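The values are calculated or read from the model by the stated rules, or taken from the named source; none is laboratory data. Note that the structure is a prediction, hence the values are computed from the model and not measured. In this analysis, Cβ positions are derived from the backbone assuming ideal geometry, glycine residues included, and neighbour counts consider all displayed protein chains.
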Ligand SMILES: [Fe+2]
């Protein structure tokens, strides 16, 4: 194992508290000195809960949340009611060169610096932009992916010991990225994804069949420039994306300034395109921004889209620790394909983010949405975060919250279907929790009874920092 020197992270608000990286890769089984299970683990699930997130490996010069930091996967494998944990960095080509040279060789996305000769001689990419593969982790077509929206996906081995860039047999070309938020259609198993470029058409939907083979490219005409389009949603026969006025600003980034610009006097435009292809239909809505969808579905000529609404897009360069201080709520947007009408309503008043639903219902009618929730004021706690998990009943408009306790940090709640039931509410939710008194654990909740709290906890001896996206890798074991 490479020995890492202590870092001075005092200048970086988003590397404090439970945002700070862990410097070791650990492996734990159940037993003394290892994992401790409280409650009863589900015995009928086989697979792995994996979560990706930024975890700087070497002293950074600059740090922008939420785009910088080397990807690290925290994984809990389930089989026969037993669990195994491991955390591993995503072994990208950038990570491997920095391990060899024992230092950071690339700058931040908010302050890139020229790549030096020693790095290039060691086989490092001369481009100042690094692909940290830090945003999402997903299983599709038998391949385990680490995803970052401004770069190629990486295929990892099931035990996380290797990672290789993957361009879908030449589909992706240098400089392109594949979104970190593709959706797997609950009906067909297709992966609906996108590539984004700095030249027209700026945004192209990419559809892969159930096995991962490329099926179709659909350029989205009507965008006048590249924007921060972070997520996308399947709605029955259609695909929906939000084109908010959040734009990358490379020139500003090269000067160490905010790498994104928010032009709040422009409307947020929404595109809808048929999955078979054709020209998109555009809608216009009062300005808003969203990082994440919850789900969407189609009913006749109407599309219903549930998502986390926020007023504008903040990034840490401008706002220091205040990236989360602006309210965000669950909303339902309705698009009338016939009349062009757009309506939007708030589903709940609780601050929420990282919204999810039963993936078997992705793009289809569904009832329950889930999200990380915060009921403490941001900034009041030195280790502020999402202290709860919330479940929304989209049919009744009611929500149920479980509060892990003051100062706790809970992550994205992933729905794991119960293999013995088609019902959403019979599944499980899993999320990592960092509790100031109880320690770190994987929380397992009943999807239909979130208000009763975890039915089981898997306590982990090492720390799991706050991170981004997680998924359930159904059927995956350490060996494949
Ligand atoms: Fe995201």
> Just a yes or no: is a residue in the stretch 90-108 under 20 Å from the mean Cα position of the chain (by Cα) and under 30 Å from residue 419 (Cβ atoms)?
Replying inline: yes
> Do the conditions hold for residue 286, that is, is it within 16 Å of the ligand (Cβ to nearest atom) and either under 29 Å from residue 350 (Cβ atoms) or at pLDDT 95 or above (or both)?
Replying inline: no
> Taking the stated definitions as given, is residue 396 within 30 Å of residue 345 (Cβ to Cβ), without any contact (Cβ under 8 Å) to a residue 40 or more places away in the chain and out of contact with any helix residue (DSSP H, G or I) (no Cβ under 7 Å at 6 or more places or on another chain)?
Replying inline: yes
>> If I ask for residues that are more than 16 Å from the ligand (Cβ to nearest atom) and either out of contact with any strand residue (DSSP E or B) (no Cβ under 9 Å at 6 or more places or on another chain) or in a strand (DSSP E or B) (or both), which ones from the stretch 132-148 would you list?
In response: 139, 140, 142, 143, 144
> Can you tell me how many residues in the stretch 336-375 are assigned to a strand (DSSP E or B) and more than 17 Å from residue 412 (Cβ to Cβ)?
Replying inline: 6
>> Looking at (1) buried (at least 20 other Cβ atoms within 10 Å of the Cβ); (2) part of a loop (DSSP other than H, G, I, E, B); (3) more than 16 Å from the ligand (Cβ to nearest atom), which one does residue 42 not meet, given that it meets all the others?
In response: (1)
>> Can you confirm whether residue 163 is over 20 Å from residue 412 (Cβ atoms) and crowded, with 23+ Cβ neighbours inside 10 Å?
In response: yes
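With within 21 Å of residue 4 (Cα to Cα) and modelled with pLDDT under 95 as the only criterion, which of 124, 107, 81 stands out?
Working: 124 fails: modelled with pLDDT under 95; 81 fails: within 21 Å of residue 4 (Cα to Cα).
It is 107.
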> Quick one: how many residues across the stretch 412-457 are out of contact with any strand residue (DSSP E or B) (no Cβ under 7 Å at 6 or more places or on another chain) and assigned to a strand (DSSP E or B)?
Replying inline: 1
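Would you call residue 303 away from the ligand (no atom under 16 Å from the Cβ), at pLDDT 95 or above and not in a loop (DSSP other than H, G, I, E, B)?
On the way: away from the ligand (no atom under 16 Å from the Cβ): yes; at pLDDT 95 or above: yes; not in a loop (DSSP other than H, G, I, E, B): yes.
Against the criterion (away from the ligand (no atom under 16 Å from the Cβ), at pLDDT 95 or above and not in a loop (DSSP other than H, G, I, E, B)), residue 303 qualifies.
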